[in-house]
Amino acid sequence: MSEQLKVPTMAEFHAQGIAPEVLFWVGCAGSFDDRAKKITKAFVRILHKADVKFAVLGAEESCTGDPAKRAGNEFLFQMQAVTNIEVLNAYEIKKIVTACPHCFNTLKNEYPSLGGTYEVIHHTQFLKSLLDEGRLTIEGGQFKGKRITFHDPCYLGRANGVYEAPRDLIKKLDAELVEMKNCRKKGLCCGAGGAQMFKDAEPGNKEINIERTEQAIEVQPEIIAAGCPFCNTMMTDGVKNKAEGQIEVLDIAELIANADDL
């Protein structure tokens, strides 16, 4: 990241004896996947714009254990989780924000029983709170009047009931929000959840991400908005297969950062 995108670590904060307002949990995708890194950078730009005092764990952050748990390796999950909890508790972390619904769900719902209890929020919820508090303003900019459909990530929507925050943010862009036939509680998985991201699909006549992309194409959007790096990958692959060059796939954080040209 450039000097303009200064990202302090918890170790640096701790050494200075100060606590951040929020810990930004970057996640594996946001740290290592080239496409997801753009989402991370967009969110960091917004945090700076809103003067949010935040930090990341950096090299001290490890996988939450979500893929291991979903794939059935409970032992590995607990090893990964306990390691992270020891680090988080040592820094006395209270509030965590993440752009990955898988991390969000695991930290929020599965860490407390292992000794890690925190206020965990998805980045769309956090961005909405910044708007509501007047710390962030959004102009429609290049997205004004654009047809945008939102794909509900499973672990954000059906697993945790977060439906409105991302949609409220899209509406703030003065964009036209169009809904797919399977949305909110009836949302269709992109095909990456449950550790499916890391394995070949089972035999069948169609990939799930193609089915979901076809549902998006039906409502003729210019942009498919996502709130999950895995969903972003799956929908992007679907668009390449079905409508390359016609539809853009962007995370909510990218929409906001790009609208204001942060």
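Taken as a whole, the structure places PHE32 among residues that are hydrophobic (A, V, I, L, M, F, W, C), under 23 Å from GLU110 (Cβ atoms), at pLDDT 95 or above and open to solvent by 60 Å² or more (accessible area, probe 1.4 Å).
Filter the range 1-29 for residues that are in a helix (DSSP H, G or I), open to solvent by 70 Å² or more (accessible area, probe 1.4 Å) and in contact (Cβ under 8 Å) with a residue 40 or more places away in the chain and give the result.
Once the filter is applied, which keeps residues that are in a helix (DSSP H, G or I), open to solvent by 70 Å² or more (accessible area, probe 1.4 Å) and in contact (Cβ under 8 Å) with a residue 40 or more places away in the chain, the range 1-29 yields GLU12, HIS14.
Scanning the range 74-130 for residues that are over 18 Å from GLU21 (Cα atoms), assigned to a helix (DSSP H, G or I) and in contact (Cβ under 8 Å) with a residue 60 or more places away in the chain returns PRO101, HIS102, CYS103.
Inspection of the range 90-103 identifies at least one residue that is open to solvent by 50 Å² or more (accessible area, probe 1.4 Å), at pLDDT 95 or above and within 20 Å of the chain's Cα centre (by Cα). Restricting the first member to the range 146-160 and to residues that are within 15 Å of CYS189 (Cβ to Cβ) and at pLDDT 95 or above, and the second to residues that are open to solvent by less than 10 Å² (accessible area, probe 1.4 Å) and hydroxyl-bearing (Ser, Thr, Tyr), the beta-carbon pairs closer than 9 Å and six or more apart or on different chains are TYR155/THR106; LEU156/THR124.
If you check ARG147, ARG212, ARG158, which single one turns out to be of a type in the set (D, E, K, R) and in contact with a His (Cβ under 8 Å, 6 or more places away or on another chain)?
Selected residue: ARG212, the only one of ARG147, ARG212, ARG158 that is of a type in the set (D, E, K, R) and in contact with a His (Cβ under 8 Å, 6 or more places away or on another chain).
Can you spot a residue in the range 118-138 that is under 15 Å from the mean Cα position of the chain (by Cα) and polar (S, T, N, Q)? Scanning the range 118-138, I find at least one residue that is under 15 Å from the mean Cα position of the chain (by Cα) and polar (S, T, N, Q), so the answer is yes. When you check LYS37 against the structure, is it in contact (Cβ under 8 Å) with a residue 24 or more places away in the chain, out of contact with any Pro (no Cβ under 7 Å at 6 or more places or on another chain), outside any strand (DSSP E or B) and among the basic types (Lys, Arg), yes or no? For LYS37, the condition - in contact (Cβ under 8 Å) with a residue 24 or more places away in the chain, out of contact with any Pro (no Cβ under 7 Å at 6 or more places or on another chain), outside any strand (DSSP E or B) and among the basic types (Lys, Arg) - is not met. Among the conditions (1) under 14 Å from the mean Cα position of the chain (by Cα); (2) assigned to a helix (DSSP H, G or I), CYS154 misses just one, which is (2).
Please find, within the range 246-261, the residue that is modelled with the lowest pLDDT out of those that are within 14 Å of the chain's Cα centre (by Cα) and among the β-branched types (Val, Ile, Thr).
Once the filter is applied, the top-ranked residue is ILE256.
Does the range 166-175 include one or more residues that are crowded, with 16+ Cβ neighbours inside 10 Å and modelled with pLDDT under 90? No, that holds for no residue. Applying the criterion of at least 1 residues that are loosely packed, with under 15 Cβ neighbours inside 10 Å and free of Cβ contacts under 8 Å to residues at least 24 places away in the same chain to the helices (runs of 4 or more DSSP H) found wholly in the range 198-262 leaves 229-242.
The values are calculated or read from the model by the stated rules, or taken from the named source; none is laboratory data. Predicted, not measured: the structure shown is a model, and the values here were computed from it. Backbone-built Cβ (ideal geometry, glycine too); neighbour counts: all protein chains shown. For accessibility, only protein heavy atoms count, side chains too; no ligands or nucleic acids. Shrake-Rupley method; radii C 1.70, N 1.55, O 1.52, S 1.80 Å.
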